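Structure first, commentary second.
The values are calculated or read from the model by the stated rules, or taken from the named source; none is laboratory data. What you see is a predicted model; the values in this text were computed from it and never measured. In this analysis, Cβ positions are derived from the backbone assuming ideal geometry, glycine residues included, and neighbour counts consider all displayed protein chains. To get the accessible areas, we keep the full protein, side chains included, count just its heavy atoms, and leave off ligands, DNA and RNA. Shrake-Rupley method; radii C 1.70, N 1.55, O 1.52, S 1.80 Å.
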Amino acid sequence: MVRMSAEERRESVIRAATAEFATGGYYGTSTEAIAKRVGVSQPYLFRLFPGKKAIFLATVEHCMADVIRTFEEAAKGLEGEEARHSMANAYAKLIAERPEQLLMQMQMYVTVAAAEQAGDRELGESVRAGWMRLWDTVHLPLGAEVDDTTTFMAYGMLINCLVAMGFPPEHRVWEGLYPSARLKGRLEK
C-alpha cells in the first residue's frame, strides 16, 4: 500500500469536508464526521488542520478555486458573448456533474451570515475575497463592463438558487435565462 503524503491527505480531507459541509453546513458538520469519511482519526485530522474553521476555510478556497478554474478554462481565448456562453455552459456542467460544488457554495454564504451575526468576520472575509477573485475572473472575458459582469454573476446566483430549491430544468422559471445558462438536459441522468 502506497502512503499518502501530508498534502495528498489534506486534499482528501478537503474533498470529504466538501461533501460533509455541503449537506450539513458549517455548524451542523462535526470534525468527527469528516475524519470518519476520510478514514483518519480526529487527532490526525488536527495535525493537518488546526481546527474546524481551518478545514472550512480550506474547503471554501478549494471550492472557489474550482469555479474560477472552470471559468478560466471556458473563457480561454474568448471574449464577450462567446466567453459568456462558454462560461455559462461550463458552470452548468460543473454543478450538474458535481452538485456538492453548488451545495458547498450555498453553505458558504449561509455560514458567512451566521458567523458575522455571532461576531466572527474571518469566514466572511475569506468568502468575499474568493467572490472577488471569481468576479475578476469573469470581468475581463465579458468585456470589462460592470453591467455585463453583474448580470452574469446574478444569473449564476439565480441558477444556484433554482437548482438548490429543486426546480427541474424543464420548469417555466428557467425560460427567462439565456440558453447557455439553462440546465435542460444537463441534470437528467
Any trypsin sites (Lys or Arg not before Pro) in region 75-134 that lie in a DSSP loop and have at most 15 other Cβ atoms within 10 Å would be Lys76, Arg121
Any aspartates and glutamates whose Cα falls less than 14 Å from that of Lys93, other than same-chain ones fewer than 8 residues away, would be Asp66, Glu73, Glu188
Between the alpha carbon centres of region 1-72 and region 106-172 the gap in Å comes to 21 Å
Once Lys and Arg are counted +1 and Asp and Glu -1 for all other residues with Cβ under 13 Å from that of Glu20, the total becomes +2
Per its Cα gyration tensor (rounded if a/c is under 1.5, else prolate when a/b beats b/c, else oblate), region 58-189 is best filed as oblate
With every protein chain kept in place and a 1.4 Å probe, region 89-151 has an accessible area per residue in Å² of 50 Å²
Heavy-atom accessible area of region 119-181 with neighbours in place, 1.4 angstrom probe: carbon+sulfur share in percent works out to 59 percent
Candidate cut points under trypsin sites (Lys or Arg not before Pro) in region 1-42, DSSP loop plus at most 15 other Cβ atoms within 10 Å of their own Cβ, are Arg3
Note to self, the chain gives a 222 nm [θ] from helices alone (DSSP H runs n ≥ 4, -39500 (n - 2.57) apiece, / all residues, nearest 500) of -24500 deg cm²/dmol
